[in-house]
Amino acid sequence: MSTKLPCEITKIVLDDASYKGTKVEVTPTYINYFFGNNGTGKSTLANTIRRGIGVSYRSGRSSSDYMTYVFDQNFIDENMTRYHNLPGVFTINEINVDIQKQLDKIGEEQIAAKKLVTEATKRKDEKVKEKDDLTAQLYKDCWKKTKNIRTMFEKLLTGRKTSKAFTEAVKSASPVKHNIDEMKRMYESLQSPSAKSYVRFSDVDNPTMLDSIEGQSILSQAIVNTANTPFAEFLKKLDSIQWVRQGHSTYHTLTEGRCPYCMQELPTNFEDMLSASFDDQYNESLSKLNTFLTTYRETANNAFTSISILPTEIYPSVDIKPYNEKLTVIKATIQSNINKIREKIDAPSIIITLEETAPLFLELSEIIQNYNKLIDTNNEIIAAGPQKKIECMNAVFEHSAFMLKDILDAYTKSEKSLDLEVKKQQKVIDEQNGILQNLRAKYRALSSKTVETETAMNTINMMLRDTGFQGFEVRPHKETDKAAINYEVIRTDTGKIAENLSEGEKNFIAFLYFQQLVFGSSNAEGEFKDKIVVIDDPVSSMDSKALFVVGALVRKMIEICRNNADNRKAIVAGNFIKQIFILTHNAYFHREVSYAHVKHYVYVSFYLIQKRYDKSSIRLCECQNPNCPSEQMNVNPVKNSYAALWEEYKEVSSPIPLMNIIRRILEYYFLQLCGYEGESLRKRILEDHKEDFIYDDDYTKFDMASSMLSYISSTAHGINDDMHYVDDCSNPDVCRDTFRMIFQHMGQEQHFEMMMGNSEENIRTHHR
């Protein structure tokens, strides 16, 4: 039987606020997820852990042995009331006496690199403007020359009714000359409202059902009476055994003890005499005959009823006459066989052979199948209406591309020349920015050694910049004592203290600061203690970008805690977080930080916090493992539906969450459902199909695909905190197109189209 691993805090007893009088007990393990709506009692749980009241620790340890960090509203209020006085966070670094000289040299190198970036940017901008002017003229020319065809097929051009949108669609199409008349016929047929689907005919379930009824061998046996009583011998002599038996069966209850022919009183022992005139085997065989007749008749009725029910509305192209004729033949054959069985019952000694019905049922089944093929073809055409519409639309763009071939070829030639120059200048910019990045990294590293708190400060500022919080930053606030360095939050444009941060901004900065506290030391000497981390609803009022970053940071904390419980190779460095509690009401955030850990039952627990009648309760979410009844498994109270991920993909607009959802879909479908290894998936896309992602030396989509696939690679490349996607996914349209191409080149385009079709029935069918 699987059991949870005990950790630092072994038990929490809640008897406060909405838990008053209930004494709810929780026995946590290493990683603990608590999900509950606002007001259910999450904050009470977090505060209980902070105070240590009702908290039991493992043997020999107490709260003084740990640093307990709790991120909740109390933490935010305490640390963000005055933005200019955040206590310092210290890290351990070596002091280099020559640091300042190195900093001066780096500064000079930065100035030189910035100059080169400025010059290259100017030249690049000139070529970009030249290309923009060229493109604007292309839009005008293409729009003017395609007026007739656009008017003719106007209803197909939804979303392509501007010169830019139309021309870009034409540029993407292959130049193909189409028959305009055929295109018009297809276009007109797509607008017809009369077409509809029809119900299929019910097929024959089992063509051999009548021919294979058990007990049929009795029909080929001559059933004779072997009784030798005087009365029996008399009846045999007259050859009237069956005649007497039938007559007695018909009339003996009506004659009141008299012979139905001569009206004489029958002997008192007549019934016994008659019964003795028939042997047991004879009687048993007659019983089998009657049973067989009943079974045959019932089976025949059921079969005939099933195939004689027609659809309410028959497809006009179906000729029902052969169907009815075959039904008539089957009915006559069945009736003939029933009559033969009755003849056998009347004359048991005769041998009969039933006519086979299986060939007739098979012929009927063939007729039905032909009908259903016609119906299916019609229904497929009806269902494929949207696809036919797409085919017609594509033909419009292909024919337009054919008409505009000379114009497009001339544009492409000029565009390539301009793009080469832009790329040349961009290469200079990238190279110098890379140099600048390295110089900045060196500068930050050296600076953090001169003032210990700057390591944490630089990290916070980097995260602020990378997530779009560019209106403010954190800087040191020096008191009279140079060793005492606090932080202050300032507006970057004015350099003044930021007094009016939004709730989301305030909460985000507070969490970044909290993360630095967890990962660093609380004093300049670098004293460390084992840490217990409690995170209570960290993403309140945050936008999607901030939520995404916080999720990544929380996942990193979880992996550090996991190192203490899991004997596998550590994904991230360190094991200083001994136990972690994550409380939230945000379903998206909960999924983001928990989806990868549901399977780890022994050191991960899921809890649902609920409140009814002003009383809170906490329930451990688990169930019996269907694959191993002796084990328990976690149940995530927040369902992580594969179909829901696709719905989120279709709706999300911010690039960072979009990339994360794409990663989740790729990971679940190709790695879990299809069984690919991360590296084999990368090879197939980035090596076997490399050229498909590169257009005219444009590596944008190739680089995007590489970013997507590197994240889900199953090989250990160290922790990925999701931050590198900021630059990679600045264009959501490119991101979505690259995502589609991955499915296409993996031979899974049908699955992609199905999931994008928003059909729940399709989704259910796929997972059967």
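The values are calculated or read from the model by the stated rules, or taken from the named source; none is laboratory data. Computed from a predicted model, the values in this text were never measured in an experiment. Backbone-built Cβ (ideal geometry, glycine too); neighbour counts: all protein chains shown.
Only residues that are under 17 Å from residue 46 (Cβ atoms) and either among the acidic types (Asp, Glu) or part of a loop (DSSP other than H, G, I, E, B) (or both) were counted across the range 568-592, and they come to 2.
From the list 662, 685, the one residue that fits, being outside any strand (DSSP E or B), within 27 Å of residue 545 (Cα to Cα) and at pLDDT 85 or above, is 662. In the range 38-82, the qualifying residues are those that are under 28 Å from residue 488 (Cα atoms) and in a loop (DSSP other than H, G, I, E, B), and the one that is modelled with the lowest pLDDT is 82. For the range 531-580, what are the residues that are among the aromatic types (Phe, Trp, Tyr) and surrounded by fewer than 22 Cβ atoms within 10 Å (Cβ to Cβ)? Within the range 531-580, 576 is the sole residue that qualifies.
Taking the range 159-178 as the range and being assigned to a helix (DSSP H, G or I) and of a type outside the set (Val, Ile, Thr) as the test, the residues that pass are 163, 164, 165, 166, 168, 169, 171, 172. A single entry from 330, 350, 345, 341 fulfils the requirement of being aliphatic (A, V, I, L, M), more than 38 Å from the chain's Cα centre (by Cα) and either loosely packed, with under 14 Cβ neighbours inside 10 Å or more than 30 Å from residue 285 (Cβ to Cβ) (or both): 350. Residues in the range 309-329 that are hydrophobic (A, V, I, L, M, F, W, C) and at pLDDT 90 or above were compared, and the one that is farthest from residue 372 (Cα to Cα) is 329. Do we have residue 339 as free of Cβ contacts under 8 Å to residues at least 24 places away in the same chain and not charged (D, E, K, R) here? It is true that residue 339 is free of Cβ contacts under 8 Å to residues at least 24 places away in the same chain and not charged (D, E, K, R). Among the residues of the range 305-344, the ones that are within 30 Å of residue 196 (Cβ to Cβ) and part of a helix (DSSP H, G or I) come to 11 in all.
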